[in-house]
Structures are given as C-alpha cells and as structure tokens.
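The values are calculated or read from the model by the stated rules, or taken from the named source; none is laboratory data. Owing to the predicted nature of the structure, the values given are computational and were not obtained by experimental measurement. Note that we place each Cβ from the backbone using ideal geometry, even for glycine, and neighbour counts take in every protein chain shown. Just the protein is used for accessible areas: all its heavy atoms, side chains included, with ligands, DNA and RNA removed. Shrake-Rupley method; radii C 1.70, N 1.55, O 1.52, S 1.80 Å.
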Amino acid sequence: QVQLVESGGGLVQAGGSLTLSCAVSGPTLSNYVMGWFRQVPGKERELVAAITWSSISTFYTDSVKGRFTISRDNAKNTVYLQMNSLKPEDTANYYCAARRGTRPAATVPYAYWGQGTQVTVSS
C-alpha cells in the first residue's frame, strides 16, 4: 500500500514561488509514475506534472511549462513540485498521486492519492 503525504502549500503573491513536497511510503516505487494534480471547486481534477520514479522522464501540462518543475529524491522517497512565477489561476488544491507505469504523459487512472494541500495565489 502506497501512502502519500503532501506539504508546502500556502498563500503567495502573484509572481512568487512555492515548493510542494510529497512524502511517499510503501513498496518499492521503481515501476511507479508520480503525479501532481490540482483541482478547483466545480472543475475536474487536472494533471499538472508527472515523473517516472526510476528515470527522468517527465510530463507537464501546457499552462505550467517553463514555470513548474517536478523532481524526486529517491533517498528521501519524496517528490517535489517547484512552482515559480505563480499566477492567480494556479490557485487550487494540489494533490500528489501514484500509479504503476513508465509513461508520465499517459492518461491512466492513478491508484493512490494524498490528502491535498491548498495553494492560493493573490493578485
């Protein structure tokens, strides 16, 4: 059973930066894809970025390319989402998720989810 715990959300002004962390525990993660999703009330959850655990293959949705960076630290079993040049439209609840696989861009359901962390960007 994979368990995910997010942290690092908060309130930031437009143009600022935040780093989200996702602490991962469970079985070996070498065949997993880790993703960061976000959701605004009344809208569908959106995949923001994803990374394969054992390689450096990544995916980013178009709206965050060049501003967000996903990374992982295998020694700490942690996945990060570095968010720069934040915009008010980035305001959402951000979720860490995991699934088996090797292609971060694939539209495959994620099996494991964290509880979410709120990011609010003020204008």
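In table form, for the structure just shown:
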quantity: From the options THR69, THR107, residue that is open to solvent by 20 Å² or more (accessible area, probe 1.4 Å) and assigned to a loop (DSSP other than H, G, I, E, B); calculated: THR107
quantity: Tabulated pairs, segment 90-106, first free of Cβ contacts under 8 Å to residues at least 60 places away in the same chain, second open to solvent by 40 Å² or more (accessible area, probe 1.4 Å) and assigned to a loop (DSSP other than H, G, I, E, B), C-beta under 6 angstrom, 6+ apart or interchain; calculated: ALA92/VAL40
quantity: Answer residue from segment 97-107, given it is at pLDDT 90 or above and hydrophobic (A, V, I, L, M, F, W, C) and is farthest from the chain's Cα centre (by Cα) among those; calculated: ALA98
quantity: Residues of segment 10-60 classified as part of a strand (DSSP E or B), aliphatic (A, V, I, L, M) and exposed (fewer than 14 other Cβ atoms within 10 Å of the Cβ), total; calculated: 1
quantity: Yes/no for ASN84 being within 18 Å of GLY26 (Cα to Cα), open to solvent by 30 Å² or more (accessible area, probe 1.4 Å) and in contact (Cβ under 8 Å) with a residue 12 or more places away in the chain; calculated: no
